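The values are calculated or read from the model by the stated rules, or taken from the named source; none is laboratory data. Nothing here was measured: the structure is a model prediction, and the numbers come from that model. Quick reminder, even Gly has a Cβ in these numbers, built from the backbone with ideal geometry, and neighbours come from all protein chains shown. Side chains are part of the model used for accessible areas, which takes the heavy atoms of the whole protein and leaves out ligands, DNA and RNA. Shrake-Rupley method; radii C 1.70, N 1.55, O 1.52, S 1.80 Å.
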Amino acid sequence: MNVMTFLIDFSEILIATCRDVLPIIVLITGFQLLVLRQPIPHLRRLIVGGVFVIIGLALFLAGLEKALFPLGKLMAEQLSDPAFIYGSDAGVAHADWKAYGWIYLFGAMIGFATTIAEPALIAVAYKANEVSAGTISQWGLRITVAIGVAVGISLGTFRIVSGTPLYIYILAGYVIVVIQTIFAPKNIISLAYDSGGVTTSTVTVPLVAALGLGLSASVPGRNPALDGFGLIAFASLFPIITVLGYAQWVQWSVNRAKKSLKEDNHAI
Amino acid sequence: MTRNKMTRMLSPVFLVALKKLKNAFSDLLPIILVIAFFQLVVLRQPLPQLGEIIFGTILVIIGLSLFVQGLEMGLFPIGETMAHALARKGSVFWLLFFSFALGFSTTVAEPALIAVSQEAADIAMQGNLINSDEVSQKNYALGLRLSVAFSVGIAILIGVLRILRGWPLHYLIIGGYVIVMLLTTIAPIEIIGIAYDAGGVTTSTITVPLVAALGVGLASVIKGRSPLVDGFGLIAFASLMPIIFVMGYGLIVFG
């Protein structure tokens, strides 16, 4: 392995991460100096933490680009290759949606796995756990969101293969979210809506975008420009449904336990 | 016996670091398993460049543990400190200004957004929606980027205003959904997929913790607000608003 090229790659990523953080630093210092005019408490600790975040994120991205992204993208291409799906090199005029089983499974599993590793979701789960005084478990939330992403990506790949219009799925998803919102426990709703947005950042987007573009380029009759997009939309919609659903299920089972307890008391 | 001795010898800092590394490893384990399964069982190919993959995985694990440590030490406290200081200052104008600036400035330079808007310009050109010269393509991509950044700024602003006023989140979000669906019926088909995806790509890994800490911090200092019910929801706005603005941009430019 060439150490020099790696160091150059890493410093490029580090500079890019610093550039991401720059507007935040400018904004916060500007506000502190010009508007708030107060010293920041625990400044040294904050700076050390900030440096950890930048270096950590840069190492994380460099590692992903070195190891997992090339392999994941390659696999997305290989799995959507007609030669793999139909077992021959002969061109197929029409896509048979039943032949793409491995794609749906790959979409679901890669969606689940990348969401578990998503740093933004780790942050939100940490905060939710802290704010709810431990009632919302970090792993519980992350797994529920990851299942939502898995279902979303899997359905999204099915949409690309079958060529059905995107907005129908989104509309149906919205209707489900609205109905769930009426019945779900009120204190979970904000967190559920938020979990839609946090799922898709550094880890999920590159792999999922590669899957979408590779798939729409290889399925006969699809145009990558029009059909390649939309997977990220699926990945941001379905976690809302699973988080609301999980909260409803918990509420329902708690109510049932209470009810049976009451009946037991009556019997005694 | 030796194990006990060893545990005692390890300093607490080292133990904490070890625990963070272990957590990061379990965060990453699903990806490793999925890739290994598909590579070895389904595609039946050996893993190429195993050395690089292992090296990269170690980097990812160290990076993720550093990031989580930095979250607890830096990003969360900064977001909360800003929320507290701004709430104590008591000026709604500066609070809303800060919110807008935070949303706008973190989005406008987002690499994912730059990539997506360039791709969108290519698609618009292929569909003959804009003139196929470099200038109009650049203008289109820049306009798209600015409208997304503006929409995220507005989203954080509305979200913070909601926390101040105590408006229920679901009415605003469902109202947003209705607008999205209505715009979908009239927006040009070339922009719909990009618009839906734009909602997902705008919230970066550094913005999310900061915005979450800001919301929770505000909700915990303002009387009558619950951090759980009112503190979350900013990210939901930040993922919904760009969809509306990008479709609106498409309508204005192509319309």
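With a 10 Å radius around each residue's Cβ, average the other Cβ atoms per peptide and rank B:109-119, A:38-48, highest first.
Details: B:109-119: 18.5, A:38-48: 12.8.
The most tightly packed comes first, giving B:109-119, A:38-48.
How high is the relative contact order of chain A, given as a whole-number percent (alpha carbon pairs under 8 Å, six or more residues apart)? If you can, show how the numbers build up before the last one.
Details: 291 pairs, mean separation 59.1, N = 268.
It rounds to 22 percent for chain A.
In square angstrom, what is the accessible area per residue of the range A:111-182 with a 1.4 angstrom probe? Mind dumping the intermediate values first?
On the way: 2330 Å² over 72 residues.
For the range A:111-182, the per-residue accessible area is 32 Å².
Dividing the convex hull volume of the Cα atoms of chain A by its residue count, what figure in Å³ per residue is obtained?
Numbers: hull volume 58.6 nm³, N = 268.
It comes to 218 Å³ per residue, whole-number rounded.
Among the aspartates and glutamates, which have Cα under 18 Å from the Cα of B:LYS89 when same-chain residues fewer than 8 positions away are ignored?
Cross-link targets: B:GLU80.
Per residue of A:19-26, count partner chain C-beta atoms within 10 Å of its C-beta, then hand back the mean as an integer.
Going residue by residue through A:19-26 and averaging, the value is 5.
For B:LYS20, list the aspartates and glutamates whose Cα falls under 15 Å from its own Cα; do not include residues on the same chain fewer than 8 positions away.
Straight-line reach from B:LYS20, under 15 Å: B:GLU72.
Once A and B are treated as a pair rather than alone, how much accessible area drops out, both sides summed, in Å² to 100, probe 1.4 Å?
Values: alone 16310 and 15360 Å², together 23360 Å².
Summing both sides, the interface buries roughly 8300 Å².
Treating the protein assembly as shown as a set of equal point scatterers at the Cα positions, no solvent, please give the Debye-formula log₁₀ I(q)/I(0) at q = 0.07, 0.08, 0.09, 0.12 Å⁻¹.
Here the Debye-derived log intensity ratios amount to -0.39, -0.51, -0.65, -1.16.
Expressed as a whole percentage, what fraction of the accessible surface of the protein assembly as shown belongs to carbon and sulfur atoms when a 1.4 Å probe is rolled over the protein heavy atoms?
On the way: 15850 of 23360 Å².
Carbon and sulfur together cover 68 percent of it.
Convex hull over the alpha-carbon atoms of the range A:107-242: what's its volume per residue in Å³? Each step should come with its number before you reach the end.
Working: hull volume 11.4 nm³, N = 136.
Convex hull volume per residue, Cα atoms: 84 Å³.
What are the semi-axes of the equivalent ellipsoid for the range B:133-223, taken as the square roots of 5 times the Cα gyration tensor eigenvalues, largest first, in whole Å?
Details: eigenvalues 176, 64, 21 Å².
The three semi-axes for the range B:133-223 are 30, 18, 10 Å.
Which ³J(HN,Hα) values in Hz, rounded to whole numbers, follow from the phi angles of the range B:198-213 under the Karplus curve 6.51 cos²θ - 1.76 cosθ + 1.60, where θ = phi - 60° and Gly and Pro get x?
Karplus-based 3J(HN,Hα) across the range B:198-213 equals 4, x, x, 7, 6, 8, 7, 5, 8, 5, 4, x, 5, 5, 5, 5 Hz.
What ratio of Cα Rg to 2.2 N^0.38 Å holds for chain B? Spell out each step's value before the answer.
On the way: Rg = 22.9 Å, N = 255, 2.2 N^0.38 = 18.1 Å.
Cα Rg divided by the expected 2.2 N^0.38 Å: 1.27.
Using a 1.4 Å probe, how large is the accessible area of B:ILE252, given in Å² and rounded to the nearest 10?
140 Å²
What helices does chain A have that are whole DSSP H segments, at least 20 Å long along their own axis by Cα, and with mean Kyte-Doolittle hydropathy of 1.0 or more? Before the final figure, lay out the partial values.
Values: long enough: A:3-30 (39 Å, 1.67); A:43-63 (30 Å, 2.08); A:101-116 (23 Å, 1.47); A:138-162 (36 Å, 1.23); A:166-183 (27 Å, 2.16); A:204-218 (21 Å, 1.62); A:231-267 (54 Å, 0.20).
Membrane-span-like by this rule: A:3-30, A:43-63, A:101-116, A:138-162, A:166-183, A:204-218.
Considering only protein heavy atoms, with the full assembly of protein chains and a 1.4 angstrom probe, order A:LYS73, B:LYS20, A:LYS262, A:LYS186 by accessible area, largest first.
Working: A:LYS73 80, B:LYS20 40, A:LYS262 140, A:LYS186 110 Å².
Of A:LYS73, B:LYS20, A:LYS262, A:LYS186, the descending order of accessible area is A:LYS262, A:LYS186, A:LYS73, B:LYS20.
Would you mind giving the mean number of other chain beta-carbons within 10 Å of the Cβ of each residue in B:51-57, as a whole number? Walk me through the numbers before you get to the answer.
On the way: counts 1, 6, 6, 1, 5, 11, 5.
The mean count of partner-chain Cβ atoms within 10 Å per residue comes to 5.
Counting only helical runs of four or more DSSP H residues, what would the 222 nm mean residue ellipticity of the protein assembly as shown come to if each run contributes -39,500 (n - 2.57) and the total is spread over all its residues?
Values: 24 runs with 409 residues, N = 523.
Per the formula, -26000 deg cm²/dmol.
Plugging the Kirkwood radius over Cα pairs into Stokes-Einstein for the range B:106-159, at a temperature of 25 °C and a viscosity of 0.890 mPa s, what D comes out in µm²/s?
On the way: Rh = 11.6 Å.
After rounding, the answer is 211 µm²/s.
Which lysines, on any chain, are close to A:LYS262 with Cα under 27 Å apart, when same-chain ones fewer than 8 places away are left out?
A:LYS186
Exactly which chymotrypsin sites (Phe, Trp or Tyr not before Pro) in the range A:105-150 are in a DSSP loop and have at most 11 other Cβ atoms within 10 Å? Intermediate results must be reported in sequence, preceding the final value.
Details: sites: A:PHE106, A:PHE112, A:TYR126, A:TRP139; in loops: none.
Hits after loop and neighbour filter: nothing returned.
Can you give the accessible area of A:GLU263 in Å² (nearest 10), computed on protein heavy atoms with a 1.4 Å probe?
110 Å²
Need one value for B:79-90: mean number of C-beta atoms belonging to other chains within 10 Å of its residues' C-beta atoms. Working shown, then result.
Values: counts 3, 0, 9, 6, 0, 1, 8, 3, 0, 2, 5, 0.
Per-residue shielding by partner chains comes out at 3.
Would you please classify the overall shape of the range A:106-151 from the alpha carbon gyration tensor, given that a ≥ b ≥ c denote the square roots of the eigenvalues, rounded means a/c under 1.5, and beyond that prolate means a/b larger than b/c while oblate covers the rest? Please list the in-between numbers first.
Working: a/c = 3.89, a/b = 2.23, b/c = 1.75.
Taking the square roots of the gyration eigenvalues as a ≥ b ≥ c, the range A:106-151 is prolate.
Sort A:SER195, B:SER26 from largest to smallest accessible area, using a 1.4 Å probe on the heavy atoms of the protein chains.
B:SER26, A:SER195
With every protein chain left in place, what is the accessible area of A:TRP249 in Å² (1.4 Å probe, nearest 10)?
For A:TRP249, solvent-accessible area is about 140 Å².
How do B:MET125, A:MET4 stack up against each other in accessible area, from largest to smallest, with a 1.4 angstrom probe? Could you put the intermediate results ahead of the total?
Values: B:MET125 50, A:MET4 120 Å².
Largest to smallest exposure gives the sequence A:MET4, B:MET125.
Once the Cα gyration tensor of the range B:197-250 is diagonalised, what are the square roots of 5 times its eigenvalues, in whole Å and ordered largest first, as equivalent ellipsoid semi-axes?
Working: eigenvalues 133, 31, 9 Å².
They are 26, 12, 7 Å, listed from largest to smallest.
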